[in-house]
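Trainee: First, the structure itself, so that you have it in front of you.
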Amino acid sequence: MFDAFATLLVYQWLGLDPASHAGAALHFFVMDTTKIFFLLFIIIYIMGLLRAILSPERVREYVRGKPKWLARTLAIILGAVTPFCSCSSVPLFIGFVEAGIPLGVTFSFLIASPMINEVAAVILVGILGWQLAALYIGAGLVVAYVGGVVMERFKPERWVEDYVWKIHMGETPSVEVDTSLPGRHRFAIGEVKEIVGRIWKWVFAGVALGALFHGYVPEAWVVEHLGGKDNWLAVPGAVILGVPLYSNATGVIPLAEAMLGKGVAIGTTLALMMSIAALSLPEMLILRKVIRWPALAIYASVLAVAFTLVGWTFNLIT
Amino acid sequence: MKNIKVLGSGCANCKTTLKLIDEAAKEAGVEVELEKVEDIGDIMAYGVMSTPGVVIDGKVVHAGGVPDRKTIAGWLAE
């Protein structure tokens, strides 16, 4: 449907040649923006209608006081099903610390949350197919679990800012919720506006980058420089490239689509996706408000190593 | 007079919330005392982790996201 629309618009109405660079790029751009925004509106609206979007307050209540393995598993699952914006990382961190949730568990949550969310999951399935979606999500969950465990070994409590320990959180208020159908509809519309308003620019940037890659980068060049599975440096290279780049998890999907289409190896693509979504300078600067540099440096290194291992593993087995 | 506090550490949504409440109060002709709470410790003392939050006369009525106009009008009418 979206493919047909893009074909009609770009090749017939605008009269561009499908074999030209501009034609291919524009076709990709039109197809992916219409498809992704269509999916975004539908998924977020339905989730809003079901009130299926968890608040960080509820997550904290679920995780607190559980044995560590269970707390960590819950934190990762809840991190994966909540599309939090990185601006809530600080209150989340403090709220978890205040509830006595171990720091390693908090780190597991912080890793899982930007990398995986249900919105991105549906779009992953829609664009890349369910096998790749399952690989990405599975690898993300494992990285979040192991990453949190490794962080704990470094005793990151040492580097938590003092004021964090002193904050006392009030009783979580029970906010009245309008559960009538019109109330749910209004809430769902609000969620669509809020989430799409927050991430549309990442989606556009991701699709534009993907479109340029799709239209202009020659396949032979890709295979020579990025694609070769035997090129061990491609994966760490992709991880490092992802650090200054930041995008929402949804925005990296069209870029991944274009890369895979040109023959970049799956592991290299997954490593770049994870690095762009979860490892970024803005996120680090936000977390700097609650933890000091040594902990952040370890956090970034643990993630970089984990993503590299994920990339190598998938390049080996595929 | 109602005392309304908007909890939020300066994100765009918090400013929008403040503006919406201000407009709604003027529209309804209700006098309110509108405050902004930006200190993270103070915000969390209300038990709120997801901003923006709204506190009316000391009671948290909303947390996490910009409230819609209809909801705001409901608070002011109470």
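Readers should treat all values here as calculations from the given coordinates under stated rules, not as data from a laboratory. Just so we're clear, the structure is a prediction, and the values are computed from it rather than from any experiment. Please note: Cβ atoms are built from the backbone with ideal geometry, for glycine as well, and neighbour counts cover all protein chains shown.
Trainee: Quickly work out the A:E157-to-B:E38 label distance, labels modelled 7 Å from Cα along the C-beta direction, and quote it in nm with one decimal.
Mentor: The modelled label-to-label distance comes out at 3.4 nm.
Trainee: Under 26 Å Cα-Cα from B:K70, which lysines qualify once same-chain neighbours fewer than 8 residues away are excluded?
Mentor: A:K193, B:K2, B:K5, B:K15, B:K19, B:K26, B:K36, B:K59
Trainee: Sticking with this one: Given the DSSP H assignment, sum -39500 (n - 2.57) over each helix run of at least 4 residues in the protein assembly as shown and divide by its residue total; what's the result at 222 nm in deg cm²/dmol, nearest 500?
Mentor: -21000 deg cm²/dmol
Trainee: Further question on the same structure: Per residue of B:58-70, count partner chain C-beta atoms within 10 Å of its C-beta, then hand back the mean as an integer.
Mentor: 4
Trainee: Tell me, what is the percent relative contact order of the stretch B:2-77, built from C-alpha pairs under 8 Å that lie six or more residues apart?
Mentor: Dividing the mean separation by the residue count of the stretch B:2-77 yields 40 percent.
Trainee: Which lysines have a Cα less than 17 Å from the Cα of A:K289, not counting those fewer than 8 places away in the same chain?
Mentor: Excluding near neighbours in sequence, the set is A:K166.
Trainee: Hey, another quick one. Using all C-alpha to C-alpha distances in chain A, build P(r) with 10 Å bins and read off the rounded percent in each one.
Mentor: 6, 25, 32, 23, 10, 3, 0
Trainee: So if R0 is 22 Å, what FRET efficiency would A:T313 and A:I240 give, r being the distance between their Cβ atoms, rounded to the nearest 0.05?
Mentor: 0.75
Trainee: Please check: in the Gaussian network model of chain A (C-alpha springs, under 10 Å), which one of A:E118, A:E224, A:E191 has the largest mean-square fluctuation.
Mentor: So, out of A:E118, A:E224, A:E191, the one fluctuating most is A:E224.
Trainee: For the residue pair B:K59 and A:W69, what label-to-label distance in nm results when each label sits 7 Å from Cα along the Cα-to-beta-carbon direction?
Mentor: 4.5
Trainee: Follow-up question, since we're still on this one. Can you give the angle from 0 to 90° between the axis of helix A:118-128 and the longest principal axis of chain A, with both taken from C-alpha atoms, to the nearest 10?
Mentor: Rounded to the nearest ten degrees, it is 20.
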